Amino acid sequence: MAAPLTLLLIVAVTIRAVLFRSSWAELISERVEVVSPLNAWKRVVEGLALLDLGVSPYSGDVFHETPFMIYLFHFVVDYAEIVFMVTDGITAVALYLSIQTYNKNVFRKQKYALESDRYPADCLELLRSPKEMFYIPLKVAMFYLLNPFTILSCVAKSTCGLNNAIIALFILCTLKGSALLSGILLALATYQSIYPLTLFAPALLFFLQRLYIPVNLRRSSFWFFTLQYAFIYVGSLVVITGLSFFLLGSWDFIPSVYGFIFSVPDLTPNIGLFWYFFAEMFEHFRLFFICVFQINVFFYTIPLSIKLKEHPVFLIFMQIAIISIFKSYPTVGDVALYMAFLPAWSHLYRFLRNIFLVSCVLLACSALFPVLWHLWIYAGSANSNFYYAITLLFNFGQVKSLNLISHFT
Amino acid sequence: LDSRLPLVIFLHALTPAAARDEFQEELVIRPLHSGDIYASFQFRTLWDTDFLQEGQKVSHYRLFPKSLGQVLSKFSVRELHISFSQGFWRTMQWGQPFIPSPPGAELWVWFHDTVSDVDGNWKELTNVLSGIFCASLNFIDLTNTVQPSASFKPLGLGNATDHRFLRYATLPREIVCTENLTPWKKLLPCGSKAGLAVLMKSEKLFHSSFHSQAVHIRPICQDEQCSSKAWELRQTLNVVFDLHTSGQGKKEWSLFKMFSRTLTEACPLASSSKVYVDITDNPELFELSPATPLLGQAVVLGDRRTYSVYDLSRAETFGQLRSFNLLLRDMLRPLLHAERYVAGFGLQTGEIHTVIYNNHPYRAFPVLLMDSVPWYLQLYIHTLTVTSKSRDNKPSYIHYQPAKDRHRPHLLEMLIQLPPHSMTEVTVQFERALLKWTEYTPDPNHGFYVGSSVVSALVPSMVAMRTNFTQDQPLFSSFVPVKEESSYFVRVYTEPLLVNLPTPDFSMPYNVICLTCTVVAVGYGSFYNLLTRTFQVDEPSPPLSKRLANLIRRIRGVPLLT
């Protein structure tokens with residue numbers, strides 16, 4: 001399968017290179033749907049310029065990237081386009097390999113279940129053949145690389161691509177069974193933006209399932225492994241945070257990055273639900289609703305883990321989707337990551353009832369975002385309500401599609 | 001050459017005696033006290049011939065327009081003065097004009113004393129002139145014609161003073177427009193194609209405070225002893241341009257600004273083509289460019305005035321670009337001056353431009369620019385560019401303190417070296433933030449104010465100053481302490497800026513909370529459903545008829561139906 005994958009990578013790189021060289025690149029990097037105050041390239045350049053001027057990038061409110069990004073881009077800022085294209089390639093290859101591993105596991109389980117006659121007669125049509133499963137990893141990589149959202153995100157040089165790469169590598173390491181690497185990468189992903197914290201539970205469940213440790217709170221083997229994994233995770237997180245302290249010599253980055261993600265002070269419009277809500281919020285209730293909205297992202301973890309403990313990979317997908325919809329500064333790059341997983345369950349598509357309606361809603365909203373933005377900001381003939389309405393509809397469409405896909409269980 | 005000489009002489013003898021005529025054109029520009037500018041064109045054609053000599057029919061017209069020549073001979077006109085004016089000449093504000101004229105049309109004519117029916121000639125003359133100048137002079141008839149006995153004596157030669165041969169009429173209602181200017185321009189030898197007449201474009205001429213065009217024909221003496229006579233045709237155009245409609249209210253004029261054209265060549269048929277600029281009043285107050293060494297003096301309206309003269313028949317007047325644009329610039333130039341404006345469109349991004357002018361002719365000096373921009377305009381310091389004379393000028397000291405949202409504004413201080421006689425532009429890009437609805441001012445679409453930038457500098461002084469403190473100094477000169485002898489401290493404030501920010505809809509807080517919470521609730525509801533729904537196999541309930549039948553059977557005590 002190396003040849004089709006290479007071909008796909010070449011096609012993807014070509015499309016991105018063409019767009020980088022055209023006049024669209026500047027236009028795309030200004031779009032609020034593609035970049036947010038957390039991951040805009042303009043702010044990375046600004047942070048590096050501030051560092052050159054001798055001012056700490058975190059003394060102002062422009063730069064909200066972690067010190068790891070400063071360190072990385074200090075060296076490769078001149079080759080930024082290549083870095084982002086390579087990142088997309090890494091993500092695609094990681095997804096490809098992880099879905100391949102997942103499919104092998106699924107097929108093996110199916111074979112054992114079939115041999116032990118555990119499937120009722122009317123389910124036989126749902127069984128998958130090796131032939132259909134052969135092309136799924138390639139479809140996943142294609143869904144990621146050729147997704148317009150990913151291409152836009154790459155051309156805008158949004159650091160969301162880097163975050164996606166780290167999460168994809170984490171998924172790969174988890175599925176391959178390496179707890180150490182998985183813990184380190186999860187710590188890195190959490191360090192970049194806090195929300196991947198919720199992926200700890202599905203990764204833990206996967207490892208427990210793989211090592212045949214039953215998920216029982218009274219068993220010591222369960223606790224033993226959990227503590228090991230937690231130790232790797234928390235330890236790497238502490239080490240990475242400590243290294244960041246030594247880069248700039250101060251803890252300024254913590255309120256600037258994590259405080260910013262949690263307290264949402266910047267109300268720049270984006271495709272999420274937070275901005276207009278907090279722009280129109282009564283001051284008295286602001287803290288209450290911030291807490292409500294942030295808890296909303298995290299609190300589905302435990303119930304979903306209990307319900308989906310036999311399907312940890314599906315749980316990872318659900319968690320990534322929940323993060324993308326309900327995080328404080330979502331962009332289309334986050335949406336692209338969970339959309340890439342859809343071909344993995346393509347045999348269950350016939351059970352999606354309203355798929356046409358939902359996909360039409362999502363397509364229409366994606367087309368209307370730039371139109372209504374232009375009408376509000378440049379033409380002056382619409383106002384912020386138009387853009388907010390499309391935001392609402394887009395998120396509603398995403399929630400509904402997630403609802404449909406959750407029927408797979 | 002020797003063999004061809006008889007042929008040349010023969011050919012020369014064959015050509016009839018050419019009418020000897022001469023054409024001169026001139027333009028006088030005079031800045032008036034009120035700041036307006038007065039431009040007066042005069043085109044003079046001198047023709048050494050006598051129309052009224054019996055037996056000699058003039059048929060060869062060269063520079064003198066044929067239509068007017070025929071009018072003169074047919075109606076036996078000795079002097080003809082016709083003028084069309086738009087606007088009223090304000091003597092109190094502008095002084096005296098070179099050629100006076102009343103508003104509307106004015107026509108006065110001296111006929112020859114050989115004319116028997118003056119009224120008949122007058123009537124036909126007005127109709128013919130009406131056709132030549134496309135004006136409604138045919139409204140001149142006996143009801144508005146007079147014969148002044150003392151006022152309008154002949155301006156040219158002629159000793160007849162019988163006022164029966166004079167006719168005078170005005171049409172104050174006559175409006176002057178392009179249709180009158182075009183035939184007037186056609187009477188000129190070069191038309192409006194070369195020479196000073198290229199400046200006469202109607203869109204600028206009629207956009208003025210006063211505009212007057214006239215034709216004056218009279219016989220004059222050619223020399224002191226009056227041995228030969230000639231006909232003189234003078235076409236004059238006077239126009240006063242308004243200071244304020246020219247924009248900016250600055251007392252800066254140029255030929256291009258006045259006429260939207262520049263001069264490219266003199267009329268080839270003109271024997272002299274000159275531009276005079278009156279520099280008698282306050283020669284230090286404005287400067288002329290290009291400079292000219294030629295100066296002339298003339299006594300005009302009882303006053304001796306000095307003029308700078310530009311000779312258009314000399315090629316060097318036009319310079320390398322072959323275009324002559326006269327510029328009058330106000331000499332008041334402060335040494336240090338700054339402006340600021342916002343560039344860009346839309347409510348997302350923008351650019352702040354600060355322009356600093358150093359008007360010292362040869363000294364460069366450093367200035368300290370301080371900018372304090374509110375936190376809701378997020379400055380991007382990596383887009384800061386400083387250019388002087390279209391080259392990059394890196395500041396030697398930059399102090400930048402970025403803003404913290406809702407805590408403190410941006411502070412940018414730079415030390416920039418300004419090259420002499422130059423303009424330095426500092427640009428920086430910014431993004432506009434969306435604020436919380438309570439943070440907007442009561443009229444949010446008015447915009448938000450950004451305070452002035454401050455430019456502080458030690459400007460080189462023309463005069464040495466005393467650094468020791470004396471009691472006798474007046475208050476206005478002792479505000480800033482003088483530390484150095486050769487420079488003084490100056491602080492220049494730029495304009496404040498008014499910037500629009502995107503606004504949310506202020507009537508919507510409750511609606512927004514409800515709608516957003518609805519979407520979150522839909523998500524929550526679907527997850528709750530997913531997590532807590534269990535599937536059970538449901539026995540289908542028996543239909544109503546069967547249940548009734550079973551009830552009856554139970555009463556009867558008979559076995560039930562399944």
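Couple of notes before you dig in:
- Share of alpha-carbon pairs per 5 Å distance bin for region B:202-313, given as whole %: 2, 8, 12, 17, 22, 19, 10, 5, 3, 1, 0, 0
- Ranked from largest, the principal axis spans of the Cα set of region A:359-409 equal 47, 15, 10 Å.
- Computed from the C-beta positions of B:R333 and A:I254, the FRET efficiency with R₀ = 56 Å rounds to 0.55.
- Computed on region A:326-409, with alpha-carbon pairs under 8 angstrom and 6+ residues apart, the relative contact order is 36 percent.
- For A:F75 and A:S346, the difference between the fully extended length at 0.36 nm per residue and the C-alpha to C-alpha distance is 93.4 nm.
- Label-to-label distance, A:Q228 versus B:R406, with points set 7 angstrom from Cα along the beta-carbon direction: 4.7 nm.
- A simple spin-label model places pseudo-atoms 7 Å from Cα toward Cβ; at B:N445 and B:E539 they are separated by 7.0 nm.
- In straight-distance terms, cross-link reach from B:K436 covers every one of the lysines whose alpha-carbon lies under 17 Å from its own, apart from those fewer than eight places away in the same chain; here that gives B:K404.
- Extending 7 Å from Cα along the Cβ direction at B:Y397 and again at B:S313 yields two label points whose distance is 6.3 nm.
- Taking a point 7 Å out from the Cα of A:H374 in the direction of its Cβ, none of the residues of region A:9-45 has a backbone N less than 11 Å from it.
- FRET efficiency, 1/(1 + (r/R0)^6) with R0 56 Å, evaluated for A:L217 and B:E425 via beta carbons: 0.20
- Dimensions (Å) - region B:31-131, Cα atoms, principal axes, largest first: 55, 30, 24
- Estimated translational D of chain A in µm²/s (Stokes, Kirkwood radius over Cα pairs; 4 °C; 1.567 mPa s): 58 µm²/s
- Surface/4 of the Cα convex hull for chain B, nm²: 63.2 nm²
- For region B:167-280, the number of Lys pairs separated by eight or more positions or lying on different chains, with C-alpha atoms closer than 20 Å, is 16.
- GNM flexibility winner over chain A from A:S324, A:S158, A:S263 (Cα, springs under 10 Å): A:S263
- Once the Cα atoms are used to define both axes, helix B:544-556 deviates from the longest principal axis of chain B by about 20 degrees.
- Spin-label zone in region B:415-453 - amide nitrogen under 13 Å from a point set 7 Å from the Cα of B:E495 along the C-beta vector: B:450, B:452-453
- Chain A: most fluctuating residue of A:A336, A:A389, A:A12 per GNM, C-alpha cutoff 10 Å: A:A389
- Contact order normalised by residue count of chain A, Cα under 8 Å, 6+ apart, percent: 20 percent
- Burial ordering of B:V71, A:V34, fewest other beta-carbon atoms within 10 Å first: B:V71, A:V34
- Per-residue mean of foreign Cβ neighbours for B:520-531 is 6 (Cβ atoms of other chains, 10 Å radius).
- In plain terms, if you count all Cα to Cα distances in region B:92-160 and split them into 10 Å steps from zero, the share in each step is 15, 42, 33, 9, 1 percent.
- Semi-axis lengths (Å, descending) of the ellipsoid that matches the C-alpha gyration tensor of the protein assembly as shown: 91, 37, 28
- Ranking of B:W47, A:W251 by count of other Cβ atoms within 10 Å, fewest first: A:W251, B:W47
- 25 Å Cα-Cα reach of A:K307 towards lysines, excluding residues that sit fewer than 8 places from it in its own chain: A:K104, A:K109, A:K111, A:K176, A:K327, A:K400
- The calculated FRET efficiency for the pair A:F134 and A:K309, based on their C-beta separation and a Förster distance of 30 Å, comes to about 0.55.
- Over all pairs of different C-alpha atoms in region B:278-365, the reciprocal of the mean inverse distance, the Kirkwood hydrodynamic radius, equals 17.2 Å.
- Mean per-residue shielding of peptide A:383-394 is 3, counting Cβ atoms of other chains within 10 Å of each Cβ.
- Its residue count N fixes a reference of 2.2 N^0.38 Å for region A:1-110, and the Cα radius of gyration divided by that reference is 1.39.
- Ratio Rg/Rh [Cα only; Rh per Kirkwood] for region B:497-562: 1.59
- Taking region B:117-266 and dividing mean pair separation by its residue count, relative contact order in percent (alpha carbons under 8 Å, at least six apart): 19 percent
- Region A:199-292: translational diffusion in µm²/s, Stokes-Einstein, Kirkwood Rh over Cα pairs, 4 °C, 1.567 mPa s: 76 µm²/s
- Spherically averaged projected area of the convex hull of Cα atoms, region A:301-409: 7.5 nm².
- Counting Cβ atoms of other protein chains within 10 Å of each residue's Cβ and taking the mean over peptide A:278-290 gives 4.
- Ranked for footprinting exposure by Cβ neighbours inside 10 Å, fewest first, A:C154, B:C190 give B:C190, A:C154.
- The angle between the Cα long axis of helix B:509-532 and the longest principal axis of the Cα atoms of chain B comes to about 40 degrees, rounded to the nearest 10.
- Projected onto its three principal axes, the C-alpha set of region A:65-161 covers 60, 25, 18 Å, listed from the longest axis down.
- Values of log10 I(q)/I(0), in the order q = 0.21 Å⁻¹, for region B:404-516 under a Debye, Cα-only, solvent-free model: -1.26
Laboratory data are not the source of any read-out in this text; all were calculated from the coordinates shown. Note that the structure is a prediction, hence the values are computed from the model and not measured. Counting neighbours? That spans all protein chains shown, and the Cβs are built from the backbone with ideal geometry, glycine included.
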